[in-house]
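Visitor: I'd like to ask you about the structure that follows.
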């Protein structure tokens, strides 16, 4: 299984880089996980394999609890989906036309946060979902 995170924002602060790198390594302990940084003018949806599940992070999306998010990922995996693409847009989000290209719109919080924090939160939640899916004791209810 391959997971890919696409974003327009490069983490500049040391706390964000360290957090993202920590979870990047942890996630790669479960599956192949790549983070790709795009220039603002580049289409984050370009060259996405049509068989991929595309999860767009947007404040207007669904806000599941961690277990429900893990359950959704597991459901897609059980349906034979092997490629997942997670997208975090720029400071003004993703336009409505591109938002339609996503299979699932995920809100990381009802609060608005900057890209560095959103990247770190998403990476932690992806790791948490993997631990839930694999019965690892990281997550506590």
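Visitor: Mind counting the residues in region 89-112 that are part of a loop (DSSP other than H, G, I, E, B) and in contact with a strand residue (DSSP E or B) (Cβ under 9 Å, 6 or more places away or on another chain)? Walk me through it before giving the result.
Guide: Start the filter on region 89-112 by keeping residues that are part of a loop (DSSP other than H, G, I, E, B), which leaves 89, 91-92, 94-95, 100-103, 107-112.
Now narrow it down to the ones that are in contact with a strand residue (DSSP E or B) (Cβ under 9 Å, 6 or more places away or on another chain): 89, 94, 101-103, 107-112.
Residues in region 89-112 being part of a loop (DSSP other than H, G, I, E, B) and in contact with a strand residue (DSSP E or B) (Cβ under 9 Å, 6 or more places away or on another chain): 11 in total.
Visitor: What are the residues in region 107-127 that are touching a helix residue (DSSP H, G or I) at 6+ places or on another chain (Cβ under 8 Å) and closer than 12 Å to residue 63 by Cβ, if any?
Guide: As a first pass, look at region 107-127 and keep what is touching a helix residue (DSSP H, G or I) at 6+ places or on another chain (Cβ under 8 Å): 108-109, 113, 116-117, 119-120, 123-127.
Across region 107-127, the qualifying residues are 108, 109, 125.
Visitor: If you take the residues in region 41-63 that are more than 16 Å from residue 115 (Cβ to Cβ) and in contact with a helix residue (DSSP H, G or I) (Cβ under 7 Å, 6 or more places away or on another chain), which one is modelled with the lowest pLDDT?
Guide: Once the filter is applied, the top-ranked residue is 45.
Visitor: Just to be sure before I move on: is residue 8 in contact with a strand residue (DSSP E or B) (Cβ under 8 Å, 6 or more places away or on another chain), surrounded by 13 or more Cβ atoms within 10 Å (Cβ to Cβ) and modelled with pLDDT of 90 or more in the structure I sent? Step through it out loud before you land on a result.
Guide: On the way: in contact with a strand residue (DSSP E or B) (Cβ under 8 Å, 6 or more places away or on another chain): yes; surrounded by 13 or more Cβ atoms within 10 Å (Cβ to Cβ): yes; modelled with pLDDT of 90 or more: no.
No, not satisfied.
Visitor: Just to be sure I understand, how many residues within region 23-48 are assigned to a loop (DSSP other than H, G, I, E, B), surrounded by 12 or more Cβ atoms within 10 Å (Cβ to Cβ) and in contact with a strand residue (DSSP E or B) (Cβ under 8 Å, 6 or more places away or on another chain)?
Guide: 5
Visitor: Residue by residue through region 107-124, note down the ones that are farther than 25 Å from residue 49 by Cα and surrounded by fewer than 17 Cβ atoms within 10 Å (Cβ to Cβ).
Guide: Matches in region 107-124: 109, 110, 111, 112, 113, 114.
Visitor: Follow-up question, since we're still on this one. Being in a helix (DSSP H, G or I), under 14 Å from the mean Cα position of the chain (by Cα) and over 15 Å from residue 127 (Cβ atoms) is the filter here, so list the residues in region 68-88 that pass it. Quick ask: steps written out before the conclusion?
Guide: First pass over region 68-88, keeping only residues in a helix (DSSP H, G or I): 68-78.
Okay, now just the ones that are also under 14 Å from the mean Cα position of the chain (by Cα), so 69-70, 72-73.
Result: 72, single match.
Visitor: When the residues of region 67-106 are narrowed to those that are buried (at least 16 other Cβ atoms within 10 Å of the Cβ) and in contact with a helix residue (DSSP H, G or I) (Cβ under 6 Å, 6 or more places away or on another chain), which ends up modelled with the lowest pLDDT?
Guide: 88
The values are calculated or read from the model by the stated rules, or taken from the named source; none is laboratory data. Since we're looking at a predicted model, the values are computed, not measured. Glycine gets a Cβ as well: all are built from the backbone with ideal geometry, and neighbour counts include every protein chain shown.
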